[in-house]
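Here's a structure for you.
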Amino acid sequence: MLTTGGIKVFSGTSHPELAEIIARRIGLPLSHAEITKNGVGESNVRIAESVREDDVYIVNTGSGAVNTSLMELCIMIHACKIASAKRITAVIPLFPYARQDKKDKSRAPITAKLVANMLQRSGCDHVITMDLHASQIQGFFDVPVDKCLYAEPSVILYIRTNFNLDDIVIVSPDAGGAKRATSMADRLGVDFALFHKERKKANEVSRMVLVGHVAGKTAILVDDMADTCGTLVLAATHLTEAGASRVCAIVTHGILSGSALSAVQESRLEKLIVTNTLPQAANQAACPKIEVIDIGAVLGEVIRRSHYGESVSKLFHEVPY
(Lines give C-alpha, C1' and ligand atoms only; values in the text may rest on other atoms or scores of the structure.)
Protein backbone atom coordinates (compact mmCIF):
# COMPACT_ATOMS: atom_id res chain seq x y z
CA MET A 1 0.00 0.00 0.00
CA LEU A 2 1.30 3.44 -0.92
CA THR A 3 1.89 6.22 1.55
CA THR A 4 0.09 9.52 1.08
CA GLY A 5 3.28 11.38 0.11
CA GLY A 6 4.65 11.48 -3.41
CA ILE A 7 1.60 10.51 -5.45
CA LYS A 8 -1.75 12.20 -6.11
CA VAL A 9 -4.69 10.88 -8.16
CA PHE A 10 -7.21 13.41 -9.47
CA SER A 11 -10.42 12.89 -11.42
CA GLY A 12 -12.15 14.99 -14.02
CA THR A 13 -15.92 14.90 -14.39
CA SER A 14 -16.13 12.31 -17.20
CA HIS A 15 -15.77 9.11 -15.14
CA PRO A 16 -15.31 9.69 -11.38
CA GLU A 17 -16.44 6.12 -10.59
CA LEU A 18 -13.44 4.66 -12.42
CA ALA A 19 -11.10 7.13 -10.73
CA GLU A 20 -12.41 5.95 -7.34
CA ILE A 21 -11.75 2.31 -8.28
CA ILE A 22 -8.21 3.19 -9.38
CA ALA A 23 -7.49 5.14 -6.18
CA ARG A 24 -8.78 2.26 -4.02
CA ARG A 25 -6.57 -0.16 -5.94
CA ILE A 26 -3.43 1.77 -4.96
CA GLY A 27 -4.64 2.45 -1.42
CA LEU A 28 -5.18 6.21 -1.63
CA PRO A 29 -8.13 8.56 -1.42
CA LEU A 30 -8.84 10.65 -4.51
CA SER A 31 -7.15 14.03 -4.31
CA HIS A 32 -9.47 17.01 -4.37
CA ALA A 33 -10.00 19.34 -7.33
CA GLU A 34 -12.89 21.76 -7.78
CA ILE A 35 -14.27 21.73 -11.35
CA THR A 36 -17.11 24.07 -12.28
CA LYS A 37 -18.48 25.92 -15.31
CA ASN A 38 -19.19 29.62 -15.55
CA GLY A 39 -22.13 31.25 -17.30
CA VAL A 40 -20.63 31.04 -20.79
CA GLY A 41 -19.67 27.37 -20.43
CA GLU A 42 -15.97 27.77 -19.66
CA SER A 43 -14.42 25.15 -17.36
CA ASN A 44 -12.98 26.47 -14.10
CA VAL A 45 -10.49 24.27 -12.24
CA ARG A 46 -8.87 24.70 -8.85
CA ILE A 47 -6.46 22.11 -7.47
CA ALA A 48 -7.49 22.13 -3.82
CA GLU A 49 -4.32 20.64 -2.28
CA SER A 50 -0.58 20.90 -2.69
CA VAL A 51 1.03 18.94 -5.53
CA ARG A 52 4.54 20.38 -5.21
CA GLU A 53 7.10 17.71 -6.17
CA ASP A 54 4.34 15.07 -6.35
CA ASP A 55 3.79 12.39 -9.00
CA VAL A 56 0.34 13.41 -10.28
CA TYR A 57 -2.14 11.21 -12.19
CA ILE A 58 -5.24 12.80 -13.73
CA VAL A 59 -8.04 10.45 -14.79
CA ASN A 60 -10.42 11.65 -17.51
CA THR A 61 -11.82 9.60 -20.39
CA GLY A 62 -13.16 10.55 -23.83
CA SER A 63 -16.85 10.07 -23.13
CA GLY A 64 -20.03 12.11 -23.04
CA ALA A 65 -19.16 15.75 -23.67
CA VAL A 66 -15.77 14.84 -25.15
CA ASN A 67 -14.64 18.39 -25.83
CA THR A 68 -15.43 19.43 -22.26
CA SER A 69 -13.55 16.40 -20.91
CA LEU A 70 -10.54 17.20 -23.06
CA MET A 71 -10.43 20.85 -21.99
CA GLU A 72 -10.82 19.83 -18.33
CA LEU A 73 -7.87 17.48 -18.71
CA CYS A 74 -5.66 20.11 -20.34
CA ILE A 75 -6.57 22.74 -17.72
CA MET A 76 -5.94 20.32 -14.85
CA ILE A 77 -2.55 19.36 -16.32
CA HIS A 78 -1.64 23.02 -16.70
CA ALA A 79 -2.81 23.83 -13.15
CA CYS A 80 -0.63 21.05 -11.71
CA LYS A 81 2.32 22.07 -13.88
CA ILE A 82 2.38 25.66 -12.63
CA ALA A 83 1.82 24.36 -9.08
CA SER A 84 5.24 22.63 -9.35
CA ALA A 85 4.16 18.99 -9.71
CA LYS A 86 7.20 16.77 -10.32
CA ARG A 87 5.56 14.64 -13.03
CA ILE A 88 2.07 14.71 -14.55
CA THR A 89 0.47 11.66 -16.15
CA ALA A 90 -2.78 11.82 -18.11
CA VAL A 91 -4.79 8.62 -17.60
CA ILE A 92 -7.15 8.49 -20.59
CA PRO A 93 -8.85 5.07 -20.85
CA LEU A 94 -10.55 6.08 -24.13
CA PHE A 95 -8.31 8.45 -26.10
CA PRO A 96 -10.47 11.26 -27.60
CA TYR A 97 -10.52 11.65 -31.40
CA ALA A 98 -8.59 8.38 -31.82
CA ARG A 99 -10.52 7.58 -35.02
CA GLN A 100 -9.28 10.81 -36.64
CA ASP A 101 -5.72 9.53 -36.89
CA LYS A 102 -4.97 10.12 -40.57
CA LYS A 103 -5.76 12.38 -43.50
CA ASP A 104 -8.25 10.17 -45.29
CA LYS A 105 -9.67 12.83 -47.63
CA SER A 106 -8.78 16.25 -49.00
CA ARG A 107 -8.51 19.00 -46.38
CA ALA A 108 -9.31 16.60 -43.52
CA PRO A 109 -7.56 17.24 -40.18
CA ILE A 110 -5.48 14.76 -38.19
CA THR A 111 -7.25 15.58 -34.96
CA ALA A 112 -5.59 12.86 -32.87
CA LYS A 113 -2.27 14.62 -33.53
CA LEU A 114 -3.82 17.93 -32.44
CA VAL A 115 -4.99 16.32 -29.19
CA ALA A 116 -1.46 14.96 -28.59
CA ASN A 117 -0.04 18.45 -29.10
CA MET A 118 -2.62 19.97 -26.73
CA LEU A 119 -1.76 17.53 -23.95
CA GLN A 120 1.97 18.06 -24.32
CA ARG A 121 1.72 21.85 -24.48
CA SER A 122 -0.43 21.74 -21.33
CA GLY A 123 2.50 20.13 -19.51
CA CYS A 124 1.78 16.41 -19.70
CA ASP A 125 4.87 14.22 -19.08
CA HIS A 126 3.35 10.77 -19.61
CA VAL A 127 0.16 9.25 -21.05
CA ILE A 128 -1.61 6.04 -20.03
CA THR A 129 -4.40 4.84 -22.32
CA MET A 130 -6.11 1.57 -23.21
CA ASP A 131 -6.59 -0.20 -26.56
CA LEU A 132 -5.76 2.70 -28.88
CA HIS A 133 -7.91 2.56 -31.99
CA ALA A 134 -4.80 3.29 -34.09
CA SER A 135 -1.36 2.36 -32.76
CA GLN A 136 0.37 5.14 -34.71
CA ILE A 137 -1.13 7.71 -32.32
CA GLN A 138 1.70 6.78 -29.96
CA GLY A 139 4.06 8.36 -32.49
CA PHE A 140 2.22 11.68 -32.26
CA PHE A 141 3.72 12.18 -28.78
CA ASP A 142 7.23 13.16 -27.72
CA VAL A 143 6.53 11.90 -24.18
CA PRO A 144 6.18 8.26 -23.05
CA VAL A 145 2.84 6.65 -23.92
CA ASP A 146 1.76 3.40 -22.28
CA LYS A 147 -0.59 2.63 -25.16
CA CYS A 148 0.11 -1.10 -24.98
CA LEU A 149 -2.29 -1.38 -22.08
CA TYR A 150 -4.69 -3.98 -23.38
CA ALA A 151 -8.04 -5.16 -22.08
CA GLU A 152 -7.21 -8.58 -23.58
CA PRO A 153 -6.08 -10.26 -20.30
CA SER A 154 -9.32 -9.18 -18.57
CA VAL A 155 -11.37 -10.35 -21.56
CA ILE A 156 -9.60 -13.72 -21.67
CA LEU A 157 -10.22 -14.20 -17.95
CA TYR A 158 -13.91 -13.39 -18.49
CA ILE A 159 -14.17 -15.90 -21.37
CA ARG A 160 -12.44 -18.66 -19.41
CA THR A 161 -14.77 -18.05 -16.48
CA ASN A 162 -18.07 -17.77 -18.36
CA PHE A 163 -17.76 -19.95 -21.48
CA ASN A 164 -16.90 -23.54 -22.38
CA LEU A 165 -13.69 -23.29 -24.41
CA ASP A 166 -14.56 -26.46 -26.35
CA ASP A 167 -17.59 -24.70 -27.75
CA ILE A 168 -16.44 -21.23 -28.83
CA VAL A 169 -15.01 -19.49 -31.87
CA ILE A 170 -13.51 -15.98 -31.73
CA VAL A 171 -14.77 -13.75 -34.54
CA SER A 172 -13.38 -10.44 -35.80
CA PRO A 173 -16.10 -8.19 -37.27
CA ASP A 174 -13.61 -6.82 -39.82
CA ALA A 175 -10.19 -7.52 -41.28
CA GLY A 176 -8.65 -4.65 -39.30
CA GLY A 177 -9.35 -6.46 -36.03
CA ALA A 178 -7.96 -9.80 -37.21
CA LYS A 179 -4.69 -9.42 -35.28
CA ARG A 180 -6.55 -8.80 -32.01
CA ALA A 181 -8.92 -11.73 -32.56
CA THR A 182 -6.22 -14.21 -33.65
CA SER A 183 -4.07 -13.30 -30.64
CA MET A 184 -7.00 -13.98 -28.35
CA ALA A 185 -7.94 -17.21 -30.15
CA ASP A 186 -4.34 -18.46 -29.94
CA ARG A 187 -4.13 -17.76 -26.21
CA LEU A 188 -7.42 -19.56 -25.62
CA GLY A 189 -6.60 -22.41 -28.01
CA VAL A 190 -9.84 -22.00 -29.98
CA ASP A 191 -10.89 -21.44 -33.60
CA PHE A 192 -10.99 -18.07 -35.34
CA ALA A 193 -13.19 -16.50 -38.02
CA LEU A 194 -13.54 -13.03 -39.52
CA PHE A 195 -15.81 -10.87 -41.63
CA HIS A 196 -14.82 -8.98 -44.73
CA LYS A 197 -16.97 -5.86 -44.84
CA GLU A 198 -17.58 -3.09 -47.33
CA ARG A 199 -18.82 0.37 -46.32
CA LYS A 200 -20.91 2.86 -48.28
CA LYS A 201 -19.84 5.57 -45.83
CA ALA A 202 -18.58 5.92 -42.25
CA ASN A 203 -20.61 3.92 -39.69
CA GLU A 204 -22.69 2.28 -42.46
CA VAL A 205 -21.83 -1.24 -43.61
CA SER A 206 -23.19 -2.33 -46.99
CA ARG A 207 -22.04 -5.99 -47.14
CA MET A 208 -20.35 -8.55 -44.88
CA VAL A 209 -18.84 -11.90 -45.89
CA LEU A 210 -17.97 -14.52 -43.23
CA VAL A 211 -14.65 -16.36 -43.57
CA GLY A 212 -14.50 -19.38 -41.26
CA HIS A 213 -16.78 -21.99 -39.68
CA VAL A 214 -19.15 -21.21 -36.79
CA ALA A 215 -21.89 -23.84 -37.15
CA GLY A 216 -22.91 -25.28 -33.79
CA LYS A 217 -20.48 -22.98 -31.93
CA THR A 218 -20.77 -20.06 -29.54
CA ALA A 219 -19.47 -17.13 -31.60
CA ILE A 220 -17.76 -14.36 -29.64
CA LEU A 221 -17.26 -11.13 -31.59
CA VAL A 222 -14.31 -9.06 -30.32
CA ASP A 223 -13.52 -5.44 -31.18
CA ASP A 224 -11.89 -2.36 -29.67
CA MET A 225 -15.03 -0.20 -29.63
CA ALA A 226 -18.77 -0.29 -30.22
CA ASP A 227 -20.28 3.03 -31.30
CA THR A 228 -23.54 2.72 -33.25
CA CYS A 229 -23.22 -1.11 -33.07
CA GLY A 230 -24.34 -1.48 -36.70
CA THR A 231 -21.44 -3.77 -37.52
CA LEU A 232 -21.95 -5.98 -34.46
CA VAL A 233 -25.70 -6.29 -35.02
CA LEU A 234 -25.23 -7.19 -38.70
CA ALA A 235 -22.45 -9.64 -37.83
CA ALA A 236 -24.65 -11.30 -35.22
CA THR A 237 -27.37 -11.82 -37.83
CA HIS A 238 -24.89 -13.37 -40.29
CA LEU A 239 -23.41 -15.63 -37.60
CA THR A 240 -26.84 -16.91 -36.60
CA GLU A 241 -27.70 -17.57 -40.24
CA ALA A 242 -24.38 -19.43 -40.59
CA GLY A 243 -25.43 -21.81 -37.80
CA ALA A 244 -23.88 -20.32 -34.65
CA SER A 245 -25.78 -21.57 -31.58
CA ARG A 246 -25.10 -18.40 -29.56
CA VAL A 247 -23.64 -15.00 -30.42
CA CYS A 248 -22.00 -12.65 -27.90
CA ALA A 249 -19.78 -9.62 -28.37
CA ILE A 250 -16.93 -8.28 -26.22
CA VAL A 251 -15.56 -4.78 -26.83
CA THR A 252 -13.18 -2.58 -24.87
CA HIS A 253 -14.88 0.79 -25.34
CA GLY A 254 -18.69 0.74 -25.21
CA ILE A 255 -19.51 4.16 -26.67
CA LEU A 256 -23.05 3.06 -27.60
CA SER A 257 -24.23 6.26 -29.26
CA GLY A 258 -27.54 7.08 -30.94
CA SER A 259 -29.88 4.11 -31.19
CA ALA A 260 -27.17 1.57 -30.32
CA LEU A 261 -28.88 0.29 -27.17
CA SER A 262 -32.19 -0.43 -28.88
CA ALA A 263 -30.34 -2.02 -31.80
CA VAL A 264 -28.46 -4.34 -29.42
CA GLN A 265 -31.63 -5.19 -27.50
CA GLU A 266 -33.47 -6.17 -30.71
CA SER A 267 -30.50 -7.98 -32.27
CA ARG A 268 -29.41 -11.62 -32.30
CA LEU A 269 -26.71 -10.79 -29.73
CA GLU A 270 -27.21 -12.71 -26.50
CA LYS A 271 -25.14 -10.14 -24.64
CA LEU A 272 -22.70 -7.30 -25.24
CA ILE A 273 -19.80 -7.26 -22.78
CA VAL A 274 -17.93 -3.97 -22.43
CA THR A 275 -15.25 -2.67 -20.06
CA ASN A 276 -15.74 0.35 -17.81
CA THR A 277 -13.35 2.63 -19.71
CA LEU A 278 -16.56 4.64 -20.12
CA PRO A 279 -19.46 5.01 -17.63
CA GLN A 280 -21.92 2.16 -18.24
CA ALA A 281 -24.48 2.35 -15.41
CA ALA A 282 -27.08 4.16 -17.54
CA ASN A 283 -26.51 1.78 -20.48
CA GLN A 284 -26.96 -1.26 -18.25
CA ALA A 285 -30.19 0.18 -16.86
CA ALA A 286 -31.53 0.77 -20.39
CA CYS A 287 -30.38 -2.52 -21.93
CA PRO A 288 -30.24 -5.77 -19.88
CA LYS A 289 -27.94 -7.36 -22.48
CA ILE A 290 -25.04 -5.11 -21.40
CA GLU A 291 -22.45 -6.63 -19.03
CA VAL A 292 -19.37 -4.83 -17.72
CA ILE A 293 -15.79 -5.99 -17.09
CA ASP A 294 -13.94 -3.84 -14.54
CA ILE A 295 -10.50 -2.69 -15.72
CA GLY A 296 -9.94 -0.30 -12.79
CA ALA A 297 -7.58 -2.77 -11.14
CA VAL A 298 -5.41 -2.91 -14.27
CA LEU A 299 -5.20 0.89 -14.50
CA GLY A 300 -4.49 1.15 -10.78
CA GLU A 301 -1.71 -1.39 -11.04
CA VAL A 302 -0.07 0.35 -14.00
CA ILE A 303 -0.13 3.62 -12.02
CA ARG A 304 1.50 1.89 -9.06
CA ARG A 305 4.15 0.33 -11.28
CA SER A 306 4.75 3.61 -13.09
CA HIS A 307 5.22 5.46 -9.80
CA TYR A 308 7.78 2.95 -8.54
CA GLY A 309 9.57 2.61 -11.90
CA GLU A 310 8.52 -1.01 -12.44
CA SER A 311 7.81 -2.62 -15.81
CA VAL A 312 4.19 -2.72 -16.98
CA SER A 313 4.75 -5.34 -19.70
CA LYS A 314 3.56 -8.12 -17.37
CA LEU A 315 0.08 -6.55 -17.52
CA PHE A 316 -0.09 -7.25 -21.27
CA HIS A 317 -0.58 -10.94 -20.47
CA GLU A 318 -2.25 -11.29 -17.08
CA VAL A 319 -4.77 -9.58 -14.83
CA PRO A 320 -3.32 -8.22 -11.55
CA TYR A 321 -4.70 -9.64 -8.30
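The values are calculated or read from the model by the stated rules, or taken from the named source; none is laboratory data. Owing to the predicted nature of the structure, the values given are computational and were not obtained by experimental measurement. Virtual Cβ from ideal backbone geometry, glycine too; neighbours counted across all protein chains shown. Ligands, DNA and RNA are stripped out before the accessible areas are found, and what is left, the full protein with its side chains, is counted by its heavy atoms. Shrake-Rupley method; radii C 1.70, N 1.55, O 1.52, S 1.80 Å.
Do we find a residue being on the phi < 0 side of the Ramachandran plot, in contact with a helix residue (DSSP H, G or I) (Cβ under 7 Å, 6 or more places away or on another chain) and polar (S, T, N, Q) anywhere in the stretch 281-290? Steps first, please.
Initial filter on the stretch 281-290 (on the phi < 0 side of the Ramachandran plot): 281-290.
Those still in the list that are in contact with a helix residue (DSSP H, G or I) (Cβ under 7 Å, 6 or more places away or on another chain) too: 283, 286-287, 289-290.
Filter again for polar (S, T, N, Q), leaving 283.
Checking the stretch 281-290: at least one residue is on the phi < 0 side of the Ramachandran plot, in contact with a helix residue (DSSP H, G or I) (Cβ under 7 Å, 6 or more places away or on another chain) and polar (S, T, N, Q).
What strands (runs of 3 or more DSSP E), lying completely within the stretch 50-162, carry at least 3 residues that are open to solvent by 10 Å² or more (accessible area, probe 1.4 Å)?
Values: elements: 55-59, 87-92, 126-129.
Ranges flagged: none.
Name the pairs whose Cβ atoms lie under 6 Å apart, with the first residue in the stretch 156-168 and in contact (Cβ under 8 Å) with a residue 40 or more places away in the chain, the second surrounded by 16 or more Cβ atoms within 10 Å (Cβ to Cβ) and outside any helix (DSSP H, G or I), and 6 or more positions between them or separate chains?
That search, which allows pairs on different chains as well, returns L157/V319; Y158/I293; D167/T218; I168/V190; I168/T218; I168/I220.
Restrict the check to the stretch 28-47 and report whether at least one residue is touching a Leu at 6+ places or on another chain (Cβ under 7 Å), over 17 Å from V127 (Cβ atoms) and open to solvent by less than 60 Å² (accessible area, probe 1.4 Å). Can you show your working first?
Of all residues in the stretch 28-47, those touching a Leu at 6+ places or on another chain (Cβ under 7 Å) come to 28.
In the following step, the residues that additionally are over 17 Å from V127 (Cβ atoms) were identified as 28.
If we keep only those that are open to solvent by less than 60 Å² (accessible area, probe 1.4 Å) as well, we get 28.
Yes, there is a match, as at least one residue in the stretch 28-47 is touching a Leu at 6+ places or on another chain (Cβ under 7 Å), over 17 Å from V127 (Cβ atoms) and open to solvent by less than 60 Å² (accessible area, probe 1.4 Å).
Among (1) modelled with pLDDT of 95 or more; (2) within 16 Å of the chain's Cα centre (by Cα); (3) farther than 30 Å from Y308 by Cβ, which single condition is K113 missing?
(2)
Quickly run through the stretch 6-29 and pick out the residues that are assigned to a loop (DSSP other than H, G, I, E, B) and under 17 Å from T89 (Cβ atoms). If you could, list the steps in order and put the result at the bottom.
Within the stretch 6-29, the subset assigned to a loop (DSSP other than H, G, I, E, B) is 6, 12-15, 26-29.
Result: G6, G12, S14, H15, I26, L28.
Among the listed residues I82, I92, I35, I58, identify the single one that is over 30 Å from G254 (Cβ atoms) and at pLDDT 95 or above.
Working: I92 fails: over 30 Å from G254 (Cβ atoms); I35 fails: over 30 Å from G254 (Cβ atoms); I58 fails: over 30 Å from G254 (Cβ atoms).
Exactly one of I82, I92, I35, I58 is over 30 Å from G254 (Cβ atoms) and at pLDDT 95 or above, namely I82.
Another question, then. Look at I273 and say whether it is modelled with pLDDT of 95 or more, of a type in the set (V, I, T), outside any loop (DSSP other than H, G, I, E, B) and under 17 Å from the mean Cα position of the chain (by Cα).
Values: modelled with pLDDT of 95 or more: yes; of a type in the set (V, I, T): yes; outside any loop (DSSP other than H, G, I, E, B): yes; under 17 Å from the mean Cα position of the chain (by Cα): yes.
Yes.
If D224 satisfies every condition in (1) touching a residue at least 40 places away in the same chain (Cβ under 8 Å); (2) surrounded by fewer than 21 Cβ atoms within 10 Å (Cβ to Cβ); (3) in a loop (DSSP other than H, G, I, E, B); (4) not aromatic (F, W, Y) but one, which is the exception?
(3)
For the stretch 123-155, name all the residues that are farther than 22 Å from G254 by Cα and touching a residue at least 60 places away in the same chain (Cβ under 8 Å).
Listed by number, the list holds a single entry, H126.
While we're here: Among the residues of the stretch 289-309, is there at least one that is open to solvent by less than 40 Å² (accessible area, probe 1.4 Å), touching a Phe, Trp or Tyr at 6+ places or on another chain (Cβ under 7 Å) and not in a loop (DSSP other than H, G, I, E, B)?
Yes, some residue in the stretch 289-309 is open to solvent by less than 40 Å² (accessible area, probe 1.4 Å), touching a Phe, Trp or Tyr at 6+ places or on another chain (Cβ under 7 Å) and not in a loop (DSSP other than H, G, I, E, B).
Every residue in the stretch 166-208 that is open to solvent by less than 80 Å² (accessible area, probe 1.4 Å), modelled with pLDDT under 90, charged (D, E, K, R) and not in a strand (DSSP E or B), please.
D174, R180
N276 is checked against (1) open to solvent by 20 Å² or more (accessible area, probe 1.4 Å); (2) over 18 Å from V171 (Cβ atoms) and fails just one. What number does that condition carry?
(1)
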